[in-house]
Amino acid sequence: MTSLSIKNNSKTSRSSKASKASKVNNLLISLELATQEKLAPNFKVEKKIVNLLSQCIKSISNYSDYSEVIGIFLQPKNNFVTSTNKLSYQTKTLLKDLQLSKTKLKKLCQSATPLKLAHYGTSYYFSTQEKMPIELEAIFKSLSTTSSDYIINPLVKLNGTILGLVIVTYPNPGIIPKLNSILPIITFSSEFISGYEKILLSSETLLLKKQPPPQDLLQVDNYLKTLEKTRQEFVAMLVHDIRSPLTVVLGTLDLLLIQSRKKTDIKLTPNLNALINNAYETCKQIIHMVTELLDLSRMEYSPLQLHKTSISPQELITSVVEECYASATEKQIRLNFGSSPDLKPFLADQQYLQRALVNLLSNAIKYTPERGEIWFEARAIKGNGDQKILSFTVIDSGLGISEEEQSQVFDPYFQASNRKGQLGIGLGLAIVKKIALAHGGNVSVKSQLGVGSAFSLSIPIDL
């Protein structure tokens with residue numbers, strides 16, 4: 001397949017007998033060849049793909065019970081390998097040297113149990129109790145978890161090219177996985193493939209001498225929309241399945257705490273009361289996270305519908321501070337806030353804008369150490385020509401963000417390397433950016449490690 005040239009692709013597309021699928025295949029092959037020939041080595045594109053696979057692996061791990069998830073992106077030499085756990089040198093070497101074709105993959109998976117899900121794809125269940133191919137047996141034996149079976153999901157492009165593999169440890173040896181248990185694997189793998197295709201179709205990689213026919217691009221676009229719809233359905237199902245039982249748990253804990261404060265038979269020791277309070281707060285945070293997941297998914301699928309009303313900047317800032325004040329007080333953080341006295345009311349969607357500012361201020365409080373300091377202000381600045389911009393800025397004295405990572409902080413699911421271990425999945429700032437863009441504005445960050453960060457949300461003033 002890699003021997004097909006751009007010239008051959010042109011001939012194929014002109015053939016009246018070529019099928020629609022063939023046209024799409026040739027388009028994607030041509031795009032990939034152009035990328036390899038004219039961008040190699042394009043480290044920016046490579047970094048995007050690497051980050052995309054890392055996000056895929058993290059998402060599978062976050063939304064499943066699998067103890068170890070490994071992602072492999074196939075390359076001519078030294079495959080890229082990422083994992084939720086630290087891999088041994090032997091495992092890394094085996095995975096980096098692994099080479100696959102469609103024929104070889106089919107042969108490797110002959111002894112496996114196929115797990116087919118309509119419109120999603122096929123994963124393969126490997127039981128360590130059964131005989132398996134030597135290559136896979138060596139890999140599985142080298143992994144730290146020896147008491148598990150394994151599920152492999154090939155990362156297959158629209159044209160049939162194998163991009164890589166996702167391998168997960170399955171903790172119930174001998175029991176064939178139920179189809180709903182592989183949904184996170186297949187869904188986030190599909191999202192990776194979709195993102196990969198978008199990278200190839202972006203302006204950075206669309207370097208063909210002759211632009212491909214519009215109908216071919218339309219077919220690829222329809223394919224990407226199908227993958228997006230699949231992801232939407234999965235996210236909605238996931239949020240419902242998590243949020244509903246957690247709401248019941250939250251209500252029970254709340255009732256228990258209320259009754260314990262009254263003169264009833266329920267009496268809690270200080271330690272037990274603290275444990276229940278922690279469980280209550282954790283449940284609230286998880287419900288908040290899954291709600292953000294659903295909201296961001298909706299924002300990506302369709303543009304925000306804004307309901308603009310006249311808003312006082314001073315009252316908006318006060319409302320945001322009141323919502324976050326308890327968190328700041330708990331950490332004894334000094335919170336300074338205010339706005340220019342001459343700021344007049346402006347038109348915006350108060351619910352969305354307040355949510356974006358609460359996200360920014362909550363983040364600042366979350367990553368500022370105890371007895372730190374935060375500044376929150378609004379001011380009018382000059383835009384292009386006679387345009388006026390209203391800028392909300394949150395400055396903290398927290399951990400700071402490295403220069404290399406600042407360009408990624410508004411990407412969904414991204415978390416800075418010095419913020420690992422904190423409860424969250426990296427959606428708050430992505431939502432902030434969506435809200436800012438919907439208002440015709442934008443967000444930005446300036447930060448220095450060990451000093452702090454300054455986040456600004458700016459929107460044009462619509463009087």
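The values are calculated or read from the model by the stated rules, or taken from the named source; none is laboratory data. Nothing here was measured: the structure is a model prediction, and the numbers come from that model. Cβ sites come from the backbone with ideal geometry, for glycine too, and all protein chains shown count toward neighbours.
Brief remarks follow.
- If only residues of the stretch 426-441 that are among the aliphatic types (A, V, I, L, M) and buried (at least 19 other Cβ atoms within 10 Å of the Cβ) are counted, the one that is farthest from Val358 (Cα to Cα) is Ala438.
- Taken together, Ala416, Ala378 contain a single residue that is assigned by TED's automatic domain parsing to the domain that holds Glu315, buried (at least 19 other Cβ atoms within 10 Å of the Cβ), modelled with pLDDT under 80 and small (Gly, Ala, Ser), which is Ala416.
- The set of residues in the stretch 315-345 being within 18 Å of Ser456 (Cβ to Cβ) and surrounded by 14 or more Cβ atoms within 10 Å (Cβ to Cβ) consists of Leu316, Ile317, Val320, Val321, Cys324, Leu335, Phe337, Gly338, Ser339, Leu343.
One line per residue, one yes/no per condition, for (1) over 20 Å from the mean Cα position of the chain (by Cα); (2) more than 23 Å from Ser312 (Cα to Cα); (3) in a helix (DSSP H, G or I):
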| site | (1), (2), (3) |
| --- | --- |
| Asn336 | yes, no, no |
| Asn363 | no, yes, yes |
| Ser407 | no, yes, yes |
| Tyr413 | no, yes, no |
| Gly426 | no, yes, no |
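- When Leu268 is tested against (1) under 27 Å from Lys433 (Cα atoms); (2) modelled with pLDDT under 80; (3) surrounded by 12 or more Cβ atoms within 10 Å (Cβ to Cβ), only condition (1) is not met.
- Test: Phe346 is of a type outside the set (D, E, K, R), over 27 Å from Ile401 (Cβ atoms) and in the same structural domain as Leu429 (by TED's automatic domain parsing): yes
- Strands (runs of 3 or more DSSP E) (entirely within the stretch 69-135) containing at least 2 residues that are closer than 16 Å to Tyr170 by Cα, modelled with pLDDT of 80 or more and in contact with a Pro (Cβ under 7 Å, 6 or more places away or on another chain): 121-126
- Per-region count, the stretch 351-360, residues in contact with a helix residue (DSSP H, G or I) (Cβ under 7 Å, 6 or more places away or on another chain), surrounded by fewer than 21 Cβ atoms within 10 Å (Cβ to Cβ) and of a type in the set (S, T, N, Q): 1
- Top-ranked residue of the stretch 56-68 - restricted to ones that are in contact (Cβ under 8 Å) with a residue 24 or more places away in the chain and either hydroxyl-bearing (Ser, Thr, Tyr) or not in a helix (DSSP H, G or I) (or both), ranked as nearest to Val290 (Cα to Cα): Tyr63
- Checking each residue in the stretch 162-180 for being modelled with pLDDT under 80 and in contact with a Leu (Cβ under 8 Å, 6 or more places away or on another chain) picks out only Leu179.
- From Leu200, Leu183, residue being modelled with pLDDT under 75, closer than 28 Å to Met299 by Cα, in the same structural domain as Ser54 (by TED's automatic domain parsing) and assigned to a helix (DSSP H, G or I): Leu200
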